[in-house]
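Report on the structure given below.
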Amino acid sequence: MHLFKHILFCLYFMALLSQYAHAESTNKVVRVGDVITIILPGEESLNKTFQVNKQGRIILPEVGPLTIVGKTEKQMVAMITMSLKSVMQDLSHLRVFISKRQLIINIQGYVNQPGEYIISDTDSVQLALYAAGGLRPGAQLNRLQLRRGDEITTFNYKSFLDSGDLSKLPTLQSLDTLFIPASAMIGNIEQEFDTAKLAQAGDAADDKNAVKVFGEVHEPGTFSYNEGASIVHVLMRAGGVTRYATVEQIRVISNNEPRTFNLKKYLDSGNETLLPKLYPGSTIFIPKQQEEIKFGANIVYVMGEVAEPGAYEGKKGASFMSILANAGGPTRFAESRQIRVIKSDGKVINFDLSGYTEGTNYQSPPPVESGDAIFVPEKTDMNEKSWLKIAPHRAVRVLGEVEDPGRIEWSDEMSFLDLLAHVGGPTVRADTANIEVVTPDANGRNQVYIFDLDSFMLEGKAESTLPVIRAGATIRVRDLPLDPTDNKSQWVRQTSDSSIYVFGQVNSGGRYRFTNNLHFLDILAAADGPTINADLHNIRITHRNQKYSKVSKLDLALYFETGDESLLPIVKTGDSIYIPEKDRTWIDETTESTIRMLGAVHKPGRYRYNDSMTILDILAKAGGTTDYAYPEKISIINNSRHQGQARTFDLIKFSRTGDYRLLPALRAGDTVYVPNKDESILANIRLGFKDIFQVLATIALIGAL
């Protein structure tokens, strides 16, 4: 009996629990991220789960989106059932309920994997950060932010890590945003952090409440304020002071009141009343210890490019070399040829240490006394913009067509070739036969030289023939045209005494660079040779470099026929070459160089003549005789200085015999006349008979009348 009563009591109690659970379930409010389960036998499209999206909706097949966020579970079931009735008839077995409670959280900032995450509604901030891959080194733990709509809540996550008190963490809701700021210690540059040092430093970035420590400490930065912490504690968190710190003059500013703190005195006495009180926002500065300036009767100063410049004890007997060695010696950037010793009275002594060590400079190291200064200058690099470091009285200027022009430091051990090699040598366009050198002599007056480097190299001359170079000199290497025909744009750069002028019937006439080692044919080839209209028999060369006027004539056609080199003239710079046109008009020819052709020829006129021609050549050039010519009585009038001489030539007789002895001698200036048939004797006789017959006929006519 008692057992039966006990069973009835248990069943009643379970029924009460079921009713309570059902009531509690129906009072649940739908939130963003919740999972809704729908069960309807026979409908595969509905037998699944649906998550409430960020807009508070679920999307049902054949129904579309339904906004259910904020509804109780009972209200949600009624809404879904009503929506499904419009598309389905039998809903007697429909079940709808909230199967899982979830949160959609957005995590931003200094985490390993920022983004949007779905977590359980019971998860804390720590589990949300774990879902984002955890915090990155350098995250600011005491200033985490929870953003919910327009409201921002700041909480101290480090305090939770220190105590484990969950009440210090805010409760999360769907659509919350967790923002993790970066520590101010990282500045604007991403860097790796030592987590141990980061924890020691406190990772504070609140400029208003943090304690700022800078100056001669190992790890300056901004530290979180801890109430009751002393300045010694803060300095320890900053890694302690460096060996250069002035611990007697530490500056502390608290509540806008500056104060000086003597750390050494506190450490010596242990009196805690000497410790300044710190407040939120305090500033601590540890100044650098200033080294005492050394001066005195035995001090020598070493400056410039040495390993350890500074003031050194110049004991009695200390030499230049010992003091320089005591300073670590010159560095690899030192210009050891120009070391200067500045005496206490202002006098300057130059010393060539490199030459002394090489045995080329026999000057002894200068004496050094107390109060003197040794200055080792920096070596000037050709590629640096520091060329002004070379004083003008030590420099040589190289201009023009060299690989690396500029101001070069000069040493008397160098020669002209050393200088040219130092600037990389001439370029391919350099006129190495006419290098201009302007150099001062011993009295400071400039001397001008023209140096032929080509001749020096080809003839193997001695170095004593090189131009003398001194500091302050200027060398200019002129340029040549880009190619032999490039003379129109470059001729201004050429001097008259180094050029050849080519005119007339050539393909590229103009002004050409020329050296005395070149040949006549070289300059003719540079002008691209004669044209097809060139008169190669009458080339004229004007020699302008003579004390008197001289013009020579060249028969280039004869040279090509015979190969006789003696026919070619010797041309030099300044000369001009003129190649006339082949078919010039007779007006362009002088009387003394032509033959006149008159009478019954096809092309009468003046024709150029030379001694190799005969009357047959002249007749051929005139187109031959006409059909009305009387070739038996061709007249040749010779041009004589005293009187004219005339001869006749029978062309018909010559053509029958072929006797060249019958050909008359011709000279330039002669006249050849071919008469007409009407001028022959038989023609005159026929004309006379014709006149007689006409007279007799007239007389007979008169008598008949």
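The values are calculated or read from the model by the stated rules, or taken from the named source; none is laboratory data. Being a predicted model, the structure only gives us computed values, none of them experimental. In this analysis, Cβ positions are derived from the backbone assuming ideal geometry, glycine residues included, and neighbour counts consider all displayed protein chains.
Scan segment 96-112 and tell me whether some residue there is among the charged types (D, E, K, R) and assigned to a loop (DSSP other than H, G, I, E, B).
Within segment 96-112, one or more residues are among the charged types (D, E, K, R) and assigned to a loop (DSSP other than H, G, I, E, B).
Looking only at segment 66-79, decide whether some residue is assigned to a strand (DSSP E or B) and within 30 Å of residue 157 (Cβ to Cβ).
Kept after step one, since they are assigned to a strand (DSSP E or B), are these residues of segment 66-79: 66-67, 72.
Filter once more, so that each one left must be within 30 Å of residue 157 (Cβ to Cβ): none.
Within segment 66-79 (the criterion being assigned to a strand (DSSP E or B) and within 30 Å of residue 157 (Cβ to Cβ)), the answer is no, since none of the residues qualifies.
Quickly run through segment 497-531 and pick out the residues that are touching a residue at least 60 places away in the same chain (Cβ under 8 Å), of a type in the set (Ser, Thr, Tyr) and assigned to a strand (DSSP E or B).
Matches in segment 497-531: 499, 501.
Just to be sure, is residue 504 surrounded by fewer than 18 Cβ atoms within 10 Å (Cβ to Cβ) and modelled with pLDDT of 85 or more? Talk me through it step by step, then tell me what you get.
Details: surrounded by fewer than 18 Cβ atoms within 10 Å (Cβ to Cβ): no; modelled with pLDDT of 85 or more: yes.
Against the criterion (surrounded by fewer than 18 Cβ atoms within 10 Å (Cβ to Cβ) and modelled with pLDDT of 85 or more), residue 504 does not qualify.
Residue by residue through segment 301-315, note down the ones that are out of contact with any Lys or Arg (no Cβ under 8 Å at 6 or more places or on another chain), crowded, with 16+ Cβ neighbours inside 10 Å and not β-branched (Val, Ile, Thr).
301, 303, 304, 309, 312, 314
Hey, among 128, 139, which residue is touching a Phe, Trp or Tyr at 6+ places or on another chain (Cβ under 6 Å), aliphatic (A, V, I, L, M) and not assigned by TED's automatic domain parsing to the domain that holds residue 51?
After ruling out the rest, the residue left standing is 139.
With the requirement that a residue be aliphatic (A, V, I, L, M), in a strand (DSSP E or B) and under 12 Å from residue 177 (Cβ atoms), what does segment 113-145 give you?
Pass one, segment 113-145, residues aliphatic (A, V, I, L, M): 118-119, 125, 127-129, 131-132, 135, 139, 141, 144.
From what is left, the residues that are in a strand (DSSP E or B) are 118-119, 135, 139, 144.
Hit for segment 113-145 is 144, nothing else.
Yes or no, residue by residue, for (1) charged (D, E, K, R); (2) assigned by TED's automatic domain parsing to the domain that holds residue 178:
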| site | (1), (2) |
| --- | --- |
| 40 | no, no |
| 43 | yes, no |
| 53 | no, no |
| 80 | no, no |
| 95 | yes, no |
| 110 | no, yes |
| 113 | no, yes |
| 123 | yes, yes |
| 151 | yes, yes |
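Please verify whether residue 321 is assigned to a strand (DSSP E or B), in contact (Cβ under 8 Å) with a residue 40 or more places away in the chain, surrounded by 11 or more Cβ atoms within 10 Å (Cβ to Cβ) and not assigned by TED's automatic domain parsing to the domain that holds residue 261, treating the condition exactly as stated.
It is false that residue 321 is assigned to a strand (DSSP E or B), in contact (Cβ under 8 Å) with a residue 40 or more places away in the chain, surrounded by 11 or more Cβ atoms within 10 Å (Cβ to Cβ) and not assigned by TED's automatic domain parsing to the domain that holds residue 261.
For segment 389-407, which positions are closer than 22 Å to residue 465 by Cα and touching a helix residue (DSSP H, G or I) at 6+ places or on another chain (Cβ under 8 Å)?
396, 398, 402
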